[in-house]
Structures are given as structure tokens and as C-alpha cells.
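> Quick one: this structure, given as C-alpha cells, is what I'll be asking you about.
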Amino acid sequence: MISAMKQSPRPWTGTGRFSADLADRRALIVGGTGQIGHAAVDALNASGFRVAVTHRGLRDPGGLDAEILVLDSADDRALRAVARGSDLVVDTTCFTASDAQGLIPLAGEVGSLVVISTGSVYLGDNGTYFDIGRDESTYPVFPVPVTEEQPTIPPGVDGYGGGKADLERALLAREDLPVSILRPAAIHGPYSPRLREWYFIKRALDGRRHIILSRNGESRFSTTSTLNLAALILACAQTPGRRILNAVDEEGLSTRQIAEVVYRLLDVSLEVHGLPGGPDGELGRTPLDAPHDFVCSMDRAKHEVGYQQAVSYAEAVAADIEWVTSAVAEAEAAGGNWGDVFPSIVARSGLEGWFPYQVEDRWIESLHA
Amino acid sequence: MVHHIGRLIPDSRTVSLWPHPFYDFGYDAEFTRSGGDATTRIIRGLFGALTLGRLGGQARGVMFLGQQSFLVGRRDAREFEFTFLKRHGVAVVCYFVGTDIRSPALMAKLRDETGYENLGTRLVVDEPSMGTPAYEDAKRRLADVADRLADEIFSASMDQLSYLRRRTRPITYFFPDESFGGDVSRFNSPERLIVVHAPSKPVLKGTALVREVVQQLRAEGFDFEYRELIGVPNSVVREQLREAHIVLNQFYAFIPGVFGIEALASGCAVLMSADEHLEPDLPAGSNDAWLVTRYDQITDHLRFLLTHPEQIGPLGQRGKEWAVENVSFSHAGGRLRKILDDLVS
């Protein structure tokens with residue numbers, strides 16, 4: 001079932017014909033009310049697309065400048081009906097090969113399809129992958145940088161990365177489907193449900209001058225700004241084809257450099273204390289910590305679709321900071337706290353999990369004792 | 001736990017010299033007479049000695065769960081019976097599960113380092129005799145005998161800080177696959193959330209704090225049903241867990257404990273102080289399976305879940321998946337059997 005929450009002059013129904021008129025291009029974002037959707041809507045609007053987003057109707061879609069359609073993406077028939085004739089369909093809701101079945105019939109009915117996959121599909125050279133690599137000994141080891149040629153998790157393996165790898169294979173098995181599969185890494189942006197940069201932002205806002213980082217702050221895990229991801233989506237829309245592309249911020253900063261960017265933007269002094277090895281209990285345990293570097297290459301995106309990074313990491317984080325400070329202020333004004341902005345962080349780590357200030361203070365005091 | 005481990009190890013025999021307050025399993029050799037009178041003590045002593053003699057001739061290995069001994073009258077931290085068994089080619093395994101090996105003095109030092117109370121410091125509040133030098137000496141001797149004579153030792157290195165010098169294997173729990181349960185549909189728009197707390201020993205589990213938290217949150221306007229189970233049979237507890245949405249387990253320990261495992265296996269969203277960052281013997285990623293909650297965080301974290309009920313079901317699901325992977329018979333049992341088989345082969 002589909003319901004349109006906002007009337008438009010021309011109803012959003014498939015016509016079976018793509019538009020040659022740039023002013024008449026239509027983009028549909030499936031699952032478009034999250035962080036990727038917000039960024040993609042803005043980028044596509046700016047580029048002249050007429051944009052619609054679908055969502056399940058479970059939450060307020062927020063101030064999106066798009067037509068809002070309430071639709072469960074698992075309803076293949078309904079999805080096909082609204083997608084038909086779109087110049088671009090972006091799907092953020094696919095996780096497994098069976099999810100691909102709803103998109104495959106779009107071959108010949110849409111100009112370009114972009115599906116958000118993940119860097120978690122990659123198989124480390126040591127045979128492990130992110131779904132199972134939870135500690136120092138099992139963390140996957142990758143070459144630096146990781147290209148799209150890196151092997152992926154084999155078929156039929158359960159888990160987030162395994163499911164996405166199967167999804168990719170299912171989509172690419174259909175040779176007439178013009179699908180661009182994008183593999184982001186640690187996504188960040190306004191409306192993020194789990195903004196990893198919040199680890200540093202909150203500390204800076206709390207005036208915490210000292211930060212303790214494992215691996216001397218040198219570990220690197222690629223980040224993906226939703227603004228840059230949106231730029232890549234646009235590039236793929238303008239060059240329909242069948243491809244897999246990494247989707248990361250090109251800087252590939254270390255955790256120390258990320259901390260420095262955040263603190264500089266917030267104009268707070270920073271003193272970094274490096275632990276030589278991995279985290280020590282609660283100390284040095286950042287959400288971007290990686291026993292082995294995971295840095296992805298964007299060369300293929302540049303070469304195949306002429307991708308150009310839209311914003312620097314610092315510019316992207318400035319947008320993150322603007323959004324999160326406003327969102328947290330709103331939550332606090334309503335009697336809540338930052339946990340209301342990031343309930344999934346709290347559900348997994350508790351209110352102090354990312355911020356064990358007392359433990360850190362004792363450790364820092366011990367340095368001076 | 002004796003019963004569950006017995007089920008996991010083919011051709012094993014379970015022995016119990018003391019009736020359990022909460023569980024009603026049968027054992028292969030069981031002394032059920034209770035009481036501290038002289039006659040009972042003598043009969044128990046004979047029972048233990050005879051059982052030891054028989055096993056010495058039959059078993060390839062004996063696993064001692066806790067600090068129990070066959071020769072109940074001796075005060076030698078099991079040195080004689082360990083020596084006896086080893087002389088007969090029987091492997092000795094020590095499986096320490098908490099108060100048996102834990103040193104309150106060492107845990108007090110940990111409290112001084114971290115600034116937070118822990119289970120060891122609470123023990124002394126509950127039972128002051130555990131804070132005496134004589135008690136520490138007894139723990140020292142128990143650890144020393146195990147270090148010298150046990151072929152394998154299982155313990156929890158931080159939650160059960162002790163005088164053991166040898167590297168120990170992590171303890172785990174073993175929960176029957178068929179006992180996993182709890183209908184996930186109970187999380188779909190429940191009429192009223194059910195919060196359960198079932199402390200075996202209220203002073204150690206943080207019950208007083210839990211009661212204050214419940215009162216405070218109700219005063220704040222949160223509406224939920226609070227069920228406190230004390231001194232009830234385990235069968236009743238397990239029934240309640242299948243209905244519960246949130247479980248307030250224990251808030252001083254670094255590992256889940258048996259009730260924590262039962263709650264996870266029932267798919268409940270569990271709040272407890274078990275923390276892989278404090279207890280390195282917990283598998284990596286464990287902190288995702290429950291909401292790590294120290295005794296001073298109960299209010300904030302329970303308030304959080306009541307404010308964000310959409311997080312409760314997924315948290316319960318993660319906990320259940322963790323329990324399947326780490327404590328179910330089908331997963332954990334095989335790992336234990338391998339360790340023991342390698343020991344006696």
C-alpha cells in the first residue's frame with residue numbers, strides 16, 4: 001500500500017519512460033528519511049531532480065524537501081509501481097539477497113539504480129571480516145588502501161556483511177540492471193543514528209582537554225560523510241552503469257587527526273595521550289579504533305563516474321557539529337539528554353560507555369602522581 | 001551448574017554433598033540430609049570419603065565445582081584428596097565460580113584503584129567474617145593447592161580476583177538449548193512493561209538500590225510493573241522471565257551470573273554490571289548483549305529504556321544471540337568437552 005503524505009502537481013506514479021529533460025528528472029529514495037536520505041535529497045534537489053522518498057511511516061520524516069511516500073520497501077509490487085520511470089532510484093534499505101528481488105525487476109524501468117552496501121563486505125587477507133573480527137586477534141587485516149578488487153565474504157554467510165555481500169552478488173547477476181553499488185565505511189552526517197564523531201564532539205563540548213587514544217592515535221578507519229556519499233550518488237545518476245564503488249572520505253584520517261579536527265572546529269585545547277597498544281579496559285576505546293587500518297581507495301569512483309569529493313572531512317564534521325549541538329539542545333530543553341538523540345548508542349554502550357570520564361581522570365592523575 | 005556440566009560430559013557422574021537452596025536437580029550421587037548435627041556431619045563425611053575412593057578407581061578426571069571437597073572434615077584446602085586422585089592417575093580440574101576463590105582483600109584494593117564498589121567489597125558488608133585475615137588465609141590456601149595440584153583451573157580473572165598465580169581459563173555457563181525461550185512478540189507494543197529483579201542475595205545484587213530506583217521512576221511518572229522474586233524456586237523464576245521485558249540483574253559483579261544467563265536466554269533486555277572492559281575473560285563484543293549498568297547508573301539506564309522502549313526488544317534479541325553463541329549446550333558444551341578431552345588424552 002502506498003499513501004502520499006504530500007500532494008504534488010503531478011502524482012508520483014511510474015510512466016515507464018525516463019526523462020531526457022534535465023528539469024524533469026525524477027529521483028526516488030527508498031528509505032529516505034535517515035542520514036543518507038537527508039543528504040541525498042539536498043544534493044538531488046540542488047541538481048534539479050524532483051525527489052520523492054519512501055519510508056515505513058514509523059517516525060516523523062523531518063523537514064525533507066521531497067515528496068513523502070509511506071511504503072514498506074518489502075512490498076515489491078508497490079515499490080515497482082512508484083519506482084517505474086524514475087531516472088534514479090536510491091535504495092538504503094537492502095541488506096540481503098532476498099531484498100534484491102524487489103529491485104531486479106526494475107531493469108529497463110529506471111534510468112539508474114544506486115544501492116547502498118557497506119565496506120563490511122570485505123574479507124581480510126587473514127580470512128576474517130568485520131562481523132566476526134571483534135578483538136585484536138580476529139580483526140581483519142587489509143592492504144592499504146582497500147580497492148574494490150579486495151575479496152568479499154563468501155556466499156551464504158550470515159551477518160550484516162555476509163548479507164550485504166550476497167545482496168551485491170544478486171544485483172550484479174542481472175546484467176541489464178544499471179546498478180551502482182556503493183560501499184561506505186563509517187558513515188557520519190546530520191541525522192546519523194550513531195555518530196561516531198560524537199565521541200570527540202561531546203568531550204570538546206564538555207571541555208575535556210585530555211583525550212586518551214589507543215595505538216597512539218594512529219589507527220585509521222575510513223569515514224564516509226553523507227555529503228560526499230550524496231555527491232557520489234549524483235555522479236552515478238549522471239553516469240548510469242553497472243559497477244561497485246567504494247564511498248569514503250578521501251582523507252583517511254587517524255583517530256588523532258579526527259580528534260584534532262573536532263577540537264579545532266570547536267576551538268577547544270586538546271592534549272592527546274597515546275596508549276601504545278590497544279584499549280586498556282575503558283581507556284582509549286574510541287568507536288573509530290581499529291587494530292589494523294581500514295582505508296579505502298576512491299580511485300575507481302573518480303575514474304568511472306568522475307567523482308569529486310564534495311566537502312573535506314573538516315567541512316563535513318562542521319555540519320555534523322551544527323546538527324548534533326542543535327539536536328542535543330532540543331532534547332535537553334525537553335528535559336532529556338543526548339541519549340534521546342542517539343538511543344542506539346546508549347542501548348549498546350550506556351550513557352557513560354563512550355565517556356568513562358572518571359576512569360580517564362584517575363588515569364591522567366596517575367601520570368602526575 | 002553441576003547438573004548442566006554433567007549433561008555435557010558423556011559418561012560423567014555428578015556428586016552433590018549439600019542440598020541446593022534453589023535448584024532441584026537429581027545427581028548421580030547425592031547427600032540430601034540437611035542439618036549441622038554431629039550425626040549428619042559424620043554420615044556426610046563417610047559418604048564423601050567413600051565416593052572419593054570409588055571415583056579414584058574409576059574416573060579419568062574429577063571436576064571440582066566451587067570449593068566443595070569430598071573429605072568434608074579436613075581443613076587442608078583439598079590437598080589430600082587432590083594428591084590422592086593424582087596418585088591414581090586422575091586429572092583434577094578446579095572450576096571456581098565466585099565466593100569460593102574470590103579474595104575480598106584483593107577486591108578492596110581494586111575498589112581503591114577504580115573508585116567503585118564491587119562484589120568483593122559487598123561480600124564483606126553481607127558477611128563481615130569474610131573481611132578477616134583468617135578468611136583471606138583460607139582463600140590463599142585454596143588457591144595455593146589449586147595452583148600446585150590442579151591440572152586445569154577455570155576462574156574469572158577480575159570478577160574473582162584471587163591468589164591464584166597460574167593462568168586460568170575463563171569460566172562459562174552452560175544453558176540447555178531447549179530452555180531458551182521467551183516469545184519475542186511480547187515486545188510488540190506491550191500494554192505495560194514488566195521489570196523483574198530476582199536476587200539470590202539482595203545485599204550483593206543491589207536490591208536496595210533497585211527498590212529506590214523503582215520508587216523514583218514511578219514518582220517521575222513512569223508506569224511499569226515491577227516484580228521482585230526472592231527465595232522462589234528456579235522454575236518460577238524461569239516462568240517469570242518468559243514474560244519479562246526488562247531484567248535488573250546484579251550491579252556489582254563483572255560477569256553475568258546464572259540468573260543473568262537465564263534472563264538473556266529468555267530474550268529479556270538485561271541491565272547488569274557485567275562488563276568486558278573490566279572482565280577480560282568475557283568474550284569480545286559481550287557489552288553489546290546487555291546494557292552495562294553499574295550500581296550508580298541503574299536509574300539513568302532504566303529511565304532510558306522506559307523512555308526508548310523501541311530499544312528493549314533489539315537489546316533482548318542481542319542478548320539471546322549472545323547466550324546461544326556463548327553459553328548454550330550446543331556451542332559452549334563442545335568447547336568444554338574439547339578442553340577436558342585434551343586433558344585426559
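The values are calculated or read from the model by the stated rules, or taken from the named source; none is laboratory data. All of these numbers come straight from a predicted model, not from anything done at the bench. Here the Cβ positions follow ideal geometry from the backbone for every residue, glycine too, while neighbour counts run over all protein chains shown.
> How many residues does region A:318-362 hold that are crowded, with 19+ Cβ neighbours inside 10 Å, more than 10 Å from chain B (Cβ to nearest Cβ) and part of a helix (DSSP H, G or I)?
Total meeting the criteria: 7.
> Shifting gears a bit: Can you pull out every residue in region B:273-289 that is in a loop (DSSP other than H, G, I, E, B), closer than 15 Å to B:Ala263 by Cα and within 10 Å of another protein chain (Cβ to nearest Cβ)?
B:Ala289
> Check region A:123-135 and report whether any residue there is in contact (Cβ under 8 Å) with a residue 40 or more places away in the chain and of a type in the set (Ser, Thr, Tyr).
No, because not a single residue in region A:123-135 is in contact (Cβ under 8 Å) with a residue 40 or more places away in the chain and of a type in the set (Ser, Thr, Tyr).
> Mind counting the residues in region A:165-207 that are in contact with a Pro (Cβ under 9 Å, 6 or more places away or on another chain) and in a helix (DSSP H, G or I)?
5
> Determine, yes or no, whether B:Lys320 is free of Cβ contacts under 8 Å to residues at least 60 places away in the same chain, in a helix (DSSP H, G or I), within 24 Å of the chain's Cα centre (by Cα) and more than 11 Å from every other protein chain (Cβ to nearest Cβ).
So B:Lys320 does not fit the description; no.
> Regarding A:Asp280, is this residue among the acidic types (Asp, Glu), surrounded by 21 or more Cβ atoms within 10 Å (Cβ to Cβ) and in contact (Cβ under 8 Å) with a residue 40 or more places away in the chain?
No, not satisfied.
> Given the criterion at pLDDT below 95, out of contact with any Phe, Trp or Tyr (no Cβ under 7 Å at 6 or more places or on another chain) and either within 21 Å of B:Arg318 (Cβ to Cβ) or of a type outside the set (Phe, Trp, Tyr) (or both), identify the matching residue among B:Asp183, B:Asp223.
Just one listed residue meets the conditions, B:Asp183.
> Looking only at region A:148-164, decide whether some residue is within 24 Å of A:Ala237 (Cβ to Cβ) and not in a loop (DSSP other than H, G, I, E, B).
We begin by selecting, within region A:148-164, every residue within 24 Å of A:Ala237 (Cβ to Cβ); these are A:148, A:164.
From the residues that got through so far, the ones that are not in a loop (DSSP other than H, G, I, E, B) too are A:164.
Yes; the residues of region A:148-164 include at least one that is within 24 Å of A:Ala237 (Cβ to Cβ) and not in a loop (DSSP other than H, G, I, E, B).
> Residue by residue through region B:251-272, note down the ones that are more than 13 Å from chain A (Cβ to nearest Cβ) and in contact with a His (Cβ under 9 Å, 6 or more places away or on another chain).
B:Cys268
> Which of (1) of a type outside the set (Asp, Glu); (2) more than 14 Å from chain B (Cβ to nearest Cβ); (3) in contact with a strand residue (DSSP E or B) (Cβ under 7 Å, 6 or more places away or on another chain) is the odd one out, the single condition A:Gly306 does not satisfy?
Every condition holds for A:Gly306 apart from (3).
> Moving on to the next point. In the list A:Tyr122, A:Tyr160, which residue meets the criterion of being at pLDDT 95 or above and either under 23 Å from A:Val89 (Cβ atoms) or touching a His at 6+ places or on another chain (Cβ under 6 Å) (or both)?
Values: A:Tyr122 fails: either under 23 Å from A:Val89 (Cβ atoms) or touching a His at 6+ places or on another chain (Cβ under 6 Å) (or both).
Selected residue: A:Tyr160, the only one of A:Tyr122, A:Tyr160 that is at pLDDT 95 or above and either under 23 Å from A:Val89 (Cβ atoms) or touching a His at 6+ places or on another chain (Cβ under 6 Å) (or both).
> Which one of the conditions (1) under 22 Å from A:His188 (Cα atoms); (2) crowded, with 19+ Cβ neighbours inside 10 Å does A:Leu88 fail to meet, given that it meets all the rest?
Every listed condition holds for A:Leu88 apart from (1).
> Which one of these is surrounded by fewer than 23 Cβ atoms within 10 Å (Cβ to Cβ) and β-branched (Val, Ile, Thr): B:Thr293, B:Thr307?
Result of the check over B:Thr293, B:Thr307: B:Thr307.
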